[in-house]
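Scroll down for the structure; my scribbles are underneath it.
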Amino acid sequence: MSAYQSVPAAGGRLPLGRVRALARGQGVPIAAGTVVALVVLAAVFAPLLAPYDPNAVDPLAVSQGSSAAHWLGTDDTGRDILSRLLYGARPSLLAPALITLTAGLAGTALAVSAAWLGGWYDRVVSAFLDLVFGFPGLVLAVVGAAVFGAGLDIAVITLSLAYLPYIARVVRSAALRERALPYVSALGLLGLSGRRICLRHLLPNLLPLVLVQATTSFGYTMLDVAAFSFIGLGTQPPTAEWGLMVANGAPGIIAGQPEQSLYAGLVIVVFVIACNLLGSGLSRRLLGEDR
Amino acid sequence: MADAGAPAALEAAGLRKTYGDFVAVEDVGLSLAPGASLALVGESGSGKTTTARMIAGLEAPTAGTVRFDGRVLPGRRARTAVRGSFAGDVQMVFQDPYASLDRHQRVADSISEVLAHHTDLRGSALARRTAELLDQVGLTAGQARSLPRALSGGQRQRVAIARAVAVRPRVLVLDEAVAALDVSVQAQIVTLLRELREQSDTAYLFITHDLGIVQHICEDIAVMHRGRIIERGRTLSVLERPGAAYTRKLIDSVPRRGWTPKRGATA
Ligand SMILES: Nc1ncnc2c1ncn2[C@@H]1O[C@H](COP(=O)(O)OP(=O)(O)OP(=O)(O)O)[C@@H](O)[C@H]1O
Ligand SMILES: [Mg+2]
């Protein structure tokens, strides 16, 4: 067997190899990851970074363009746009994070249990997921708001439900594939309980996929939450929030002061694209080499 | 095949499996005495894997029964506690060494997890027994700490065998367990299986389409064709004087290697 022991243990990569890999096309996901990380940091450290109180009105500096005092200008009540963008990152990210977390956890639990148990339970879960999948998240959220009233909490609850299939459907089919692998049969034969096989073996192997799906859907949920606030059903003024800022700045566009809508919209678009690119980068890296 | 009187480790009778109208396995009966070794051979699609999976309880037979020491194997949907009680009766090693192990579990952990489930061993005693089992199949301590992806196919198959042997099964089903490996590694695994059998009274059901290695492990052979067992007997005598025309065809299609059938006046 000596001839068969020449395979080196994993993990002995040279840093040089990493640098080359970066140059060979991992630059995009790394840049995307950096953008996402920076936005998250901005949200966390908004009080330190923001030059002004986000809600401080200044009647003497209304609707200004960018200047040394206000880098990104001011809005129609003289509030500093940069400060509002920084503070606005908090609700703009927190709600999508909660949604992604809930949909990710519940979706994975549903998916794995359905794939494992099969039978009528799987059929009911799948039918439910297909049904929910048919509704765009925003429509569900608006219906929720119509019934229970406006507010970010309604958006979080309804969008968590709406994004459930986005995670669960993909994870379920991966779990079905995983379950059919001989190692799962072997573990069953060895007498391990289904619960243990699911938690200790299926789940860790499915986690990269969950992460990929969650990353991508984080971007889309943020877009939905922003849209929900944009139409006035989410975050309420005067709280700074990106979707709300796009809406607030809308009259300014006609008046030739597009700064508020422009910058807030730009931040949303960049963040969604970054999540998408990061998701597909992770997918290539985590799922490509794993099989 | 088993001695009359001695209780069979495995007794399968009238096994039948259909997929829709297609009959994959028809009226297969097998019996293994403790420590016996039976080869199940046949061309691709002859129903060997289906038979093995029914014996291991991974597939519900359309008809027929599988008994270990007289106990009937519960179905695939039986409660895990019930199924688990059969772990010591039958284990299976699968054809694909690359999918037989959890790719996120270190080799030693995959053994100790099973040991911890079936024995009272904990802590250092558990680690010692794990190392012992891995040593027995010729794996080093370094390999024990690595993930499956750092191992070759032959080494992974050794891990799968060690894991199966860890529960001291009465019957070990090996479904093309060496088919994916190259010839020199096959020989190592075959040697390993022979050694393991000398140390316990585990009975082997050795499934293969490669007649070349059969006589090195199995005293008895059963030939499958289109879902049925068409011939059975002592390995050497079947290989030398096949009764069925199909068996002869099967033998003739194997490149001469481990054995040389003596025919007619030769030597
Ligand atoms: N789940 C299934 N659904 C439908 N047909 C099946 C299924 N499993 C096996 N079969 C069919 O049953 C027959 C026997 O298959 P089996 O896998 O037992 O053959 P085998 O002898 O193990 O062949 P090989 O040497 O290629 O592994 C084949 O014709 C196969 O197509
Ligand atoms: Mg087969």
Check your understanding: Dipole of the protein assembly as shown (Lys/Arg Cβ +1, Asp/Glu Cβ -1, origin at the Cα centre): which of B:LEU30, B:VAL173, A:LEU199 lies farthest to the positive side?
Key -> B:LEU30
Point to revise | Nearest-20 debye value, the protein assembly as shown charge dipole, Cβ charges on Lys, Arg, Asp, Glu | key: 1700
Check your understanding: Considering only DSSP beta bridges whose two residues both sit in the protein assembly as shown, what percent are antiparallel, to the nearest 5?
Key -> 50
Point to revise | Rounded accessible area of A:SER63 (nearest 10 Å², 1.4 Å probe) | key: 30
Practice item. Tell me the Kirkwood hydrodynamic radius of the stretch A:165-271 in angstroms, computed as one over the mean inverse distance between distinct C-alpha pairs. Key: 17.0
Point to revise | Cα Rg over Rh - the stretch A:72-287, Kirkwood | key: 1.09
Review point. What distance in nm separates the simple spin-label points at B:GLU132 and B:ASP69, each placed 7 Å from Cα in the Cβ direction?
Key: 2.1
Review point. Along the stretch B:187-204, what does the Karplus equation 6.51 cos²θ - 1.76 cosθ + 1.60 (θ = phi - 60°) give for ³J(HN,Hα), rounded to whole Hz, x for Gly and Pro?
Key: 4, 5, 5, 4, 4, 4, 5, 5, 4, 4, 6, 5, 8, 9, 10, 5, 9, 9
Study note, to complete from the structure: Residue by residue through the stretch A:86-94, the couplings from Karplus 6.51 cos²θ - 1.76 cosθ + 1.60 with θ = phi - 60°, in Hz, x for Gly and Pro, are 5, 5, x, 4, 5, x, 5, 9, 5
Practice item. Treat every Asp and Glu Cβ in the stretch B:98-168 as -1 and every Lys and Arg Cβ as +1, leave all other atoms uncharged, and give the resulting dipole magnitude about the Cα centre to the nearest 20 debye. Key: 140
Check your understanding: Measuring from centroid to centroid over Cα atoms, what is the spacing of the stretch A:133-203 and the stretch A:67-92 in Å?
Key -> 38
Review point. Under 5 Å between amide H atoms, partner at least 5 residues away or on a different chain: which partners does B:ALA9 have, H built in plane at 1.01 Å?
Key: B:LEU32, B:ALA33
Review point. If A:THR215, B:THR119, B:THR62 are ordered by their accessible area, calculated over protein heavy atoms with a 1.4 Å probe, which sequence runs from highest to lowest?
Key: B:THR62, B:THR119, A:THR215
Review point. Which percent, nearest 5, of DSSP beta bridges in chain B are antiparallel?
Key: 50
Exercise for review: Would you please give the residues with an amide H less than 5 Å from that of B:VAL93, counting only those at least 5 places away or on a separate chain, with H modeled from the backbone geometry?
Suggested key: B:VAL173, B:LEU174, B:ASP175
Check your understanding: Considering only DSSP states other than H, G, I, E and B, which chymotrypsin sites (Phe, Trp or Tyr not before Pro) in the stretch A:20-95 qualify as loop sites with at most 15 other Cβ atoms within 10 Å?
Key -> A:PHE45, A:TRP71
Review point. If you place +1 on the Cβ of every Lys and Arg, -1 on the Cβ of every Asp and Glu, and leave all else neutral, what size is the dipole of the stretch A:72-287 about its Cα centre, to the nearest 20 Debye?
Key: 1060
Check your understanding: When the Karplus curve 6.51 cos²θ - 1.76 cosθ + 1.60 is applied with θ = phi - 60°, which whole-Hz ³J(HN,Hα) does each residue of the stretch A:52-62 get, with x for Gly and Pro?
Key -> 10, 5, x, 9, 6, 8, 9, x, 8, 10, 8
Point to revise | With all protein chains modelled, accessible area of B:HIS209 [1.4 Å, Å²] | key: 100
Point to revise | Farthest positive-ward along the stretch B:98-168 dipole, Cα basis, beta-carbon charges - from B:LEU139, B:SER112, B:SER152 | key: B:SER152
Check your understanding: What does the accessible area per residue of the stretch A:35-178 come to in Å², with a 1.4 Å probe and no ligands, DNA or RNA counted?
Key -> 48
Point to revise | Charge dipole (the stretch A:147-291, unit charges on Cβ, about Cα centre) - positive-most of A:LEU287, A:PHE148, A:ALA227 | key: A:LEU287
Check your understanding: Largest first, how would B:LEU192, A:LEU72 line up by accessible area (1.4 Å probe)?
Key -> A:LEU72, B:LEU192
Point to revise | the protein assembly as shown: Rg to Rh, with Rh as the Kirkwood radius over Cα pairs | key: 1.14
Study note, to complete from the structure: Counting sequence-distant residues (5 or more places) and residues on other chains, those with an amide H built under 5 Å from that of B:SER37 are B:TYR204, B:GLU219, B:ASP220
**Study point:** Value of relative contact order over the stretch A:120-246, rounded to a whole percent, pairs C-alpha under 8 Å and six or more apart
**Key:** 28
Point to revise | Helix-only mean residue ellipticity at 222 nm for the protein assembly as shown, each DSSP H run of n ≥ 4 adding -39500 (n - 2.57), per residue, nearest 500 | key: -16500 deg cm²/dmol
Revision key, fill the gap. Between chains A and B, the summed loss of accessible surface on complex formation, probed at 1.4 Å and reported to the nearest 100 square angstrom, is 2900
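The values are calculated or read from the model by the stated rules, or taken from the named source; none is laboratory data. Model, not experiment: these values are computed from the prediction. Because the Cβ atoms are built from the backbone with ideal geometry, glycine has one as well, and the counts that use them run over all protein chains shown. Please note that ligands, DNA and RNA were not included when accessible areas were found on the heavy atoms of the full protein model with its side chains. Shrake-Rupley method; radii C 1.70, N 1.55, O 1.52, S 1.80 Å.
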